[in-house]
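Read through the structure below, which is laid out as structure tokens, and then see the notes.
The values are calculated or read from the model by the stated rules, or taken from the named source; none is laboratory data. Everything numeric here is computed off the predicted structure, so don't read it as measured data. Reconstructed Cβ throughout: ideal geometry from the backbone, glycine too, with neighbour counts over all protein chains shown.
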Amino acid sequence: MTKKHAHSPETPAKPAAEEKPVPPAEPVEEPTPAPPVEPTVEPEVEPPEPLQHQLLRLQADFDNFRKRIARERKDWIAAANEDLVTELLPVLDHFELGLADGAKNGVPPAMLEGFQLIYNQLMGVLSKAGVEPIDAVGKLFDPHWHEAMTHQPSDTVPAEHVVAQTRRGYKMGDKLLRAAQVLVSSGPAA
């Protein structure tokens, strides 16, 4: 007993009720497989030229900033030193007056010698800081370094030269800390 299949070649196929013609399909392209990815080291890419210039400019600006801060710091320290020394100048004046009067008024020599050593040590410290006294006696009067207290006739000192100093002046480097107070010669008495 053999059964026959409904769609076997021996039986004709039934036509579809309403078959529409199928438009021809576009050819389907098979995707090509991607080549295998190999890990590679990317070459160093140099930054564009404008970025290099910006970097150089920033480095130069930073260097200039550091130098400016160093200069300003140095100036601040110098200004602080000048202020401190200026405050000490009246103390030096009194120290010098005390040494001069002590010798005249019978202060024991050992005590005067001790004070003189302290004074010399203080002047040494100031000298290391760049502080120098202004020697004015016998020099031509200079209004930048000397403060004239009065004019007086002198047969031994030429006109417009310093006869005596009433208060010592000091400078720090080329900067005047305090002008020397002086008596200026007006020349021989008339």
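Beta carbons closer than 8 Å, at least 6 apart along the sequence or on distinct chains, never pair a first residue in region 90-113 that is hydroxyl-bearing (Ser, Thr, Tyr) with a second that is surrounded by fewer than 10 Cβ atoms within 10 Å (Cβ to Cβ) and not in a helix (DSSP H, G or I).
Is at least one residue of region 44-52 in a loop (DSSP other than H, G, I, E, B), exposed (fewer than 10 other Cβ atoms within 10 Å of the Cβ), among the β-branched types (Val, Ile, Thr) and at pLDDT below 90? Yes - at least one qualifying residue is present in region 44-52.
State whether one or more residues within region 148-157 are touching a helix residue (DSSP H, G or I) at 6+ places or on another chain (Cβ under 7 Å), modelled with pLDDT under 95, over 30 Å from residue 74 (Cβ atoms) and not hydroxyl-bearing (Ser, Thr, Tyr). Spell out the reasoning first.
The first filter runs over region 148-157 and keeps only residues touching a helix residue (DSSP H, G or I) at 6+ places or on another chain (Cβ under 7 Å), leaving none.
Taking every residue of region 148-157 in turn, none turns out to be touching a helix residue (DSSP H, G or I) at 6+ places or on another chain (Cβ under 7 Å), modelled with pLDDT under 95, over 30 Å from residue 74 (Cβ atoms) and not hydroxyl-bearing (Ser, Thr, Tyr).
Among the residues of region 118-173, those that are free of Cβ contacts under 8 Å to residues at least 24 places away in the same chain and over 31 Å from the mean Cα position of the chain (by Cα) comprise 118, 120, 121, 135, 139, 140, 142, 143, 156, 166.
If I ask for residues that are β-branched (Val, Ile, Thr) and farther than 25 Å from residue 75 by Cβ, which ones from region 114-140 would you list? Break it down stepwise before answering.
Taking region 114-140 first, the residues β-branched (Val, Ile, Thr) are 118, 125, 131, 134, 137.
Matches in region 114-140: 118, 137.
Is it true that residue 85 is outside the structural domain of residue 164 (by TED's automatic domain parsing), more than 23 Å from residue 168 (Cα to Cα) and surrounded by 14 or more Cβ atoms within 10 Å (Cβ to Cβ)?
Details: outside the structural domain of residue 164 (by TED's automatic domain parsing): yes; more than 23 Å from residue 168 (Cα to Cα): no; surrounded by 14 or more Cβ atoms within 10 Å (Cβ to Cβ): yes.
Spelling it out, it is not the case that residue 85 is outside the structural domain of residue 164 (by TED's automatic domain parsing), more than 23 Å from residue 168 (Cα to Cα) and surrounded by 14 or more Cβ atoms within 10 Å (Cβ to Cβ).
Suppose the filter is touching a helix residue (DSSP H, G or I) at 6+ places or on another chain (Cβ under 9 Å), among the hydrophobic types (A, V, I, L, M, F, W, C) and not assigned by TED's automatic domain parsing to the domain that holds residue 92; does residue 172 pass it? Criteria met by residue 172.
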